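What follows is a short report on a single structure.
Taken together, the values in this text are just the output of simple stated rules run on the coordinates, not laboratory data. Every value quoted in this text rests on a predicted model; they were computed, and no experiment measured them. Backbone-built Cβ (ideal geometry, glycine too); neighbour counts: all protein chains shown.
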Amino acid sequence: MSDPRVALVVASRDRRELLGRTLPRHLGLPERPRTVIVDNASTDGSADAAEALGVEVIRLPRNLGGAARNVGLRAVDAPYVAFCDDDSWWSPGALSRAADLLDRHPRLAVINGHILVSADRHVDPVCEAMARTALPPVDGQPGHPLLSFIACAVVVRRAAVLEVGGFSERFGVGGEEELVGWDLAGAGWLMSYVPSIVAYHDPPPNDGRPQRRERSLRNALWVAWLRRPPLAAMARTLHLLRLSPLDRYSARAAARAVGGLPWVLRERRVSPPHVDAMCRLLEAS
């Protein structure tokens, strides 16, 4: 049966072939969610192909990266929104189970699904890391507590994400979820990885991973300086740089992070102490 509690939003750019494979999966879900494609100024006919399948499309005049999800959030009126990338989808029944949990736990803002990857359906290593979290659960919190999430497979409380401002356009795609997660935690919301809620991710073999790694490092450096106390931000910066390969992508990430310092310092707002304590627990584990 259809479930009006959940809408589905896909931010996409120039992935017509992938959308051709994943959109029928969205349309075939038993929950029959309202499905909205937010097209990031594609040039390959993605938007036309989606509309030909009967899917609602919002065409953006320029590429907003992950911030295109904000447009989708504002376009729907369901209390909960499932995010997918153009290469991910949900298992039948997962969205209703997520909505049931969100109904029962009014402080819960994000449910990260259990992500099975590629044709062999192996568990995404990120899920294994989320299951080993050092964060203690709040009484009654389902699943495993989180401080961030993976946006290709989450169901979110729409009002909570909009309350904290959604995704930053400056971050593009690559680790853009972290700032949202920290701000949700700072506002008192909970986030959980729930293994019984299953999603699938089938990324193409050549999907710009070095460039994604560059953006992810830059964004992680920005988040540290946007939200951590000065000494913690410096320690986090040194840690991230020590872990990064010595190559041109890391060098560009560091240079671009420095180039963004004027706006970072202008927008800097240190998270509440409980969020910094969560960061320290994760860093020590």
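List of remarks:
- Dipole-positive endmost among Q141, V110, N219 within the chain (Cβ charges, Cα centre): N219
- Shape call, region 209-284: gyration tensor on alpha carbons, a/c limit 1.5: oblate
- Modelled label positions at R170 and R62, each set 7 Å beyond Cα in the direction of Cβ, lie 1.5 nm from each other.
- Dimensions of region 91-161 from C-alpha coordinates, computed as largest minus smallest value along each principal axis and given longest first, are 36, 30, 20 Å.
- Anisotropy class assigned to region 95-216 is oblate, per the alpha carbon gyration tensor with a/c at or over the 1.5 cut-off and a/b no larger than b/c.
- Fraction of beta bridges assigned by DSSP in region 1-109 that are antiparallel (%, nearest 5): 0
- Among P30, P195, P210, residue whose mean-square fluctuation peaks in a GNM of the chain (springs only between Cα atoms under 10 Å): P210
- Hydrodynamic radius (Kirkwood) for region 242-284, which is based on Cα pairs only, to one decimal in Å: 12.7
- Protection proxy ranking of 265-274, 148-157, 244-253, by the mean of other Cβ atoms within 10 Å over each peptide's residues and highest first, is 148-157, 244-253, 265-274.
- Spin-label pair L27-R268: with each label point 7 Å from Cα along the Cα-Cβ axis, the two points sit 5.1 nm from one another.
- Angle between the chain longest axis and helix 94-104 axis [Cα atoms, degrees, rounded to 10]: 60
- Kirkwood radius and radius of gyration were both taken over the C-alpha atoms of region 5-99, and their ratio Rg/Rh is 0.94.
- Among 116-126, 97-107, 184-194, the peptide with the highest mean count of other Cβ atoms within 10 Å heads the list, and the full ranking is 184-194, 97-107, 116-126.
- Summary value for the chain: 19 percent relative contact order, contacts being C-alpha pairs under 8 angstrom separated by 6+ residues.
- Student exercise, the chain dipole from Lys, Arg, Asp, Glu Cβ charges, in Debye to nearest 20: 860
- Cβ crowding within 10 Å averaged over residues, with 257-263, 232-238 ranked highest first: 232-238, 257-263
- Whole-number percent relative contact order across region 209-284, with pairs defined as alpha carbons under 8 Å at least 6 apart: 44
- Volume per residue that the Cα convex hull of the chain spans, once the total is divided by residue count, Å³: 130
- Helix content alone sets the calculated 222 nm mean residue ellipticity of the chain: runs of n ≥ 4 DSSP H residues at -39500 (n - 2.57) each, divided across all residues, give -13000 deg cm²/dmol.
- Taking a ≥ b ≥ c as the square roots of the eigenvalues of the alpha-carbon gyration tensor, region 45-153 is classed prolate because a/c is 1.5 or more and a/b outweighs b/c.
- Here's the picture: a label point sits 7 Å out from the Cα of R280 along the beta-carbon direction, and within region 122-164 the residues with their amide nitrogen under 15 Å of it are 135-136.
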